Structure formats: C-alpha cells, structure tokens
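So the structure is just underneath, and the comments pick up after that.
The values are calculated or read from the model by the stated rules, or taken from the named source; none is laboratory data. Computed from a predicted structure; not experimentally measured. No Cβ is skipped: glycine too gets one built from the backbone with ideal geometry, and neighbour counts run over all protein chains shown. Note: accessible area is taken over every heavy atom of the protein model, side chains too, but ligands, DNA and RNA are not part of it. Shrake-Rupley method; radii C 1.70, N 1.55, O 1.52, S 1.80 Å.
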Amino acid sequence: MTDEKQVIYSNKSQNLFVLCRANSAGILFLNMPALSKSNPKAMVRFDKEKAFEVRGASGKNTYIIASSFNKQFIDGMINGTTMLLEIKDPNSVRYYEYDLKGFSKVVDDNPCLTNSIT
C-alpha cells in the first residue's frame, strides 16, 4: 500500500480501471473468465474505427494493457465513446464493450497518460 500507483479513472460497473504513476499507466479489466495463456492476443476498437492489436497480459480474472500505450490507443480513449475489446487465446474469443464517457477529463487532469505514449 503505497501512493506510487493511483486509480485515476474507474468504471466499476464495467470493471474498468486506469492505474497511473509518474510516467506510466495501465488499463486494468477485472472479473474476466480465466484465460488459457498469460499473454492472449487482444484487439481494440473505438466506436466504428478500424480495430488494432494491443499488448497486455492476463492474471487471475484480470487482463491489463500496459506498456502498449501509443498515440492511437490514447486518442481512441480520449475521443471515443465506446471501446470494444476482443481477447483471443487458444481456446476462446471473448468480447467486452466499455463506455468511455468522462475519460477525456481524466486525461486533462492526469498527464501521466500522455507521458506514457510511445
């Protein structure tokens, strides 16, 4: 329990959290079914834009997108109204949809997100 990480955005009803440190950030998705491998392939799509791959890792009932931040991803979260996440592992394909209302204000208040862009 330190102040090193903080949750700067959460949509608890959708189990979506954004964690932030000085120069890094991560998107954490909770309450997901168990995945058969720790690094399943994930695709993301904002609104009706073209989908693209993101890197991440899964844990027990979680999936985190970390160190995969790029301008396209952050811009999609800022400007989008919905995010569709597709997670594939050898045994399944799962889809999750998230509402992004209020996210652009988070970016204005927390520069760690834009500092994380690679």
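For segment 1-54, filtered to residues that are farther than 26 Å from LYS101 by Cβ and of a type in the set (Lys, Arg), the residue that is modelled with the highest pLDDT is LYS41.
Listed by first and then second residue, the pairs linking a residue in segment 91-118 that is closer than 27 Å to LYS37 by Cα and small (Gly, Ala, Ser) to a residue that is open to solvent by less than 50 Å² (accessible area, probe 1.4 Å) and modelled with pLDDT under 80, with Cβ atoms under 8 Å apart and 6 or more places separating them unless they lie on different chains, are SER92/LEU35; SER116/SER24; SER116/ALA25; SER116/PHE69; SER116/ILE74. SER58 falls short on exactly one of the conditions (1) buried (at least 18 other Cβ atoms within 10 Å of the Cβ); (2) under 18 Å from SER10 (Cβ atoms), and that condition is (2). Taking every residue in segment 36-48 that is exposed (fewer than 15 other Cβ atoms within 10 Å of the Cβ) and among the small types (Gly, Ala, Ser) and pairing it with any residue that is assigned to a loop (DSSP other than H, G, I, E, B) and at pLDDT below 90, at least 6 positions away or on another chain, the pairs with Cβ-Cβ distances below 9 Å are SER36/PRO90; SER36/ASN91. Within segment 87-107, the residues that satisfy the criterion of being out of contact with any Lys or Arg (no Cβ under 7 Å at 6 or more places or on another chain), open to solvent by less than 80 Å² (accessible area, probe 1.4 Å) and part of a strand (DSSP E or B) are SER92, VAL93, ARG94, TYR96, TYR98, ASP99. What is the residue count in segment 75-85 for residues that are surrounded by fewer than 19 Cβ atoms within 10 Å (Cβ to Cβ) and at pLDDT 90 or above? Counting residues in segment 75-85 that are surrounded by fewer than 19 Cβ atoms within 10 Å (Cβ to Cβ) and at pLDDT 90 or above gives 3.
A search for C-beta distances below 7 Å between a residue of segment 50-65 that is in a strand (DSSP E or B) and any residue that is open to solvent by 50 Å² or more (accessible area, probe 1.4 Å) and of a type in the set (Gly, Ala, Ser), counting only pairs 6+ apart in sequence or on different chains, returns ALA57/SER38; SER58/SER38.
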